[in-house]
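Below: the structure, in structure tokens.
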């Protein structure tokens, strides 16, 4: 289809190199993330405490959990996936054109043109959209659907962050003061069918920079997380949203919470769609460890982004929190 990015043409040298990276190991064990019913938060103090303890334990031990009864309607979620499909099936040359969505910057990304080896190359495309840019989307249906889902998940992200913060002694007002709704991002992801799925990732292994990520995905599957030196495939649940801890919560909690490495693998036969909401602070917000001695030095979101961009430019990879160790 003319909607597909020119992966094979752009990466033909890497794909044909028989001495490149070793093949991707897809023979991984499947796992089910802890499933937490958020309705229990309003079922009396005893049940609320049990629900919070389950979230805290998942954030400590795995860095991932999934939630149901989250208050976001199935209709909104299904409409978002439908609008994504329409968006990504536009011609490639149209998607890369400046002004395609009428945003302040072209948010369309695909692959990694700076990759020097297959392990740095993602067989995927995405629209990475600042919340402040959503009102400018010129397609009315896409704009309205995107506004609805971001409004819904923003409230959920704030509530979950406040609960997890209280456990490690961070005042819940921190998020009200430092994480305005306009500071977060939405990422619309598509993983096209990949004839080289044994050689390349759909999305390379990484950790998320933010406090929390809220992910909704279709039922194709492909998300994998790294734990105890092994990769595990996450089984999709059609009723659940996936929550994962980001770098900022690991730093703020002094490593009580875990920002776990994860990746996406592509299918040879099917495309996969997902939408991720990244709960972020303002650029000048300070990330500071909640206890002493701190594991990481204080830093701002702006400083972290600048360091990450520099590392990706120089090495092709995000280095992340290790840059800020004391």
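Numbers at a glance
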| item | result |
| --- | --- |
| Residue in region 57-67 that is surrounded by fewer than 16 Cβ atoms within 10 Å (Cβ to Cβ), modelled with pLDDT of 90 or more and assigned to a helix (DSSP H, G or I) present | yes |
| Index of the failed condition, residue 240 passing every other in (1) in contact (Cβ under 8 Å) with a residue 60 or more places away in the chain; (2) in contact with a helix residue (DSSP H, G or I) (Cβ under 8 Å, 6 or more places away or on another chain); (3) surrounded by 19 or more Cβ atoms within 10 Å (Cβ to Cβ) | (2) |
| Residue check for residue 266: outside any strand (DSSP E or B), within 17 Å of the chain's Cα centre (by Cα), more than 22 Å from residue 62 (Cβ to Cβ) and modelled with pLDDT under 95 | yes |
| Pick from region 130-144, criterion crowded, with 17+ Cβ neighbours inside 10 Å and more than 19 Å from the chain's Cα centre (by Cα), ranking: farthest from residue 64 (Cα to Cα) | 137 |
| Counted residues, region 277-325 - those being farther than 26 Å from residue 131 by Cβ, in contact with a helix residue (DSSP H, G or I) (Cβ under 8 Å, 6 or more places away or on another chain), touching a residue at least 24 places away in the same chain (Cβ under 8 Å) and surrounded by fewer than 18 Cβ atoms within 10 Å (Cβ to Cβ) | 5 |
| Some residue of region 40-55 being surrounded by 11 or more Cβ atoms within 10 Å (Cβ to Cβ) and modelled with pLDDT under 85 | no |
| Residue selected from region 276-317 under the condition under 21 Å from the mean Cα position of the chain (by Cα) and assigned to a loop (DSSP other than H, G, I, E, B), by the criterion farthest from residue 253 (Cα to Cα) | 316 |
| Residue satisfying all of: in region 155-178; surrounded by 20 or more Cβ atoms within 10 Å (Cβ to Cβ) and under 17 Å from the mean Cα position of the chain (by Cα); nearest to residue 105 (Cα to Cα) among these | 157 |
| Whichever residue in region 179-192 is in contact with a helix residue (DSSP H, G or I) (Cβ under 6 Å, 6 or more places away or on another chain) and surrounded by fewer than 20 Cβ atoms within 10 Å (Cβ to Cβ) and, among such residues, is farthest from residue 155 (Cα to Cα) | 182 |
| Residue within region 243-261 that is surrounded by fewer than 21 Cβ atoms within 10 Å (Cβ to Cβ) and at positive phi present | yes |
| Pairs with Cβ under 9 Å, 6+ apart, first in region 44-56 and without any contact (Cβ under 8 Å) to a residue 12 or more places away in the chain, second assigned to a helix (DSSP H, G or I) | 47/40; 47/41; 48/40; 48/41; 48/42; 50/40; 53/167 |
| Filter result for residue 216 (modelled with pLDDT under 90 and surrounded by fewer than 24 Cβ atoms within 10 Å (Cβ to Cβ)) | no |
| Index of the failed condition, residue 121 passing every other in (1) modelled with pLDDT of 90 or more; (2) within 21 Å of the chain's Cα centre (by Cα); (3) more than 25 Å from residue 150 (Cα to Cα) | (1) |
| Those residues of region 132-146 which are in contact with a helix residue (DSSP H, G or I) (Cβ under 6 Å, 6 or more places away or on another chain) and closer than 20 Å to residue 72 by Cα, in sequence order | 134, 142, 145, 146 |
| Filter result for the condition that a residue is at pLDDT 95 or above and under 22 Å from residue 63 (Cβ atoms), over 204, 287 | 287 |
| Residue 133 vs. criteria assigned to a helix (DSSP H, G or I) and either at pLDDT below 95 or touching a strand residue (DSSP E or B) at 6+ places or on another chain (Cβ under 6 Å) (or both) | yes |
| Residues within region 94-121 that are without any contact (Cβ under 8 Å) to a residue 60 or more places away in the chain and either in a loop (DSSP other than H, G, I, E, B) or out of contact with any strand residue (DSSP E or B) (no Cβ under 8 Å at 6 or more places or on another chain) (or both), tallied | 13 |
| Condition check for residue 87: under 20 Å from residue 279 (Cβ atoms), surrounded by 14 or more Cβ atoms within 10 Å (Cβ to Cβ) and in contact (Cβ under 8 Å) with a residue 60 or more places away in the chain | no |
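The values are calculated or read from the model by the stated rules, or taken from the named source; none is laboratory data. Only a predicted model underlies this, so the values are computations on that prediction, with no experimental measurement involved. When we count neighbours, we look across all protein chains shown, and the Cβ atoms used for this are built from the backbone with ideal geometry, even at glycine.
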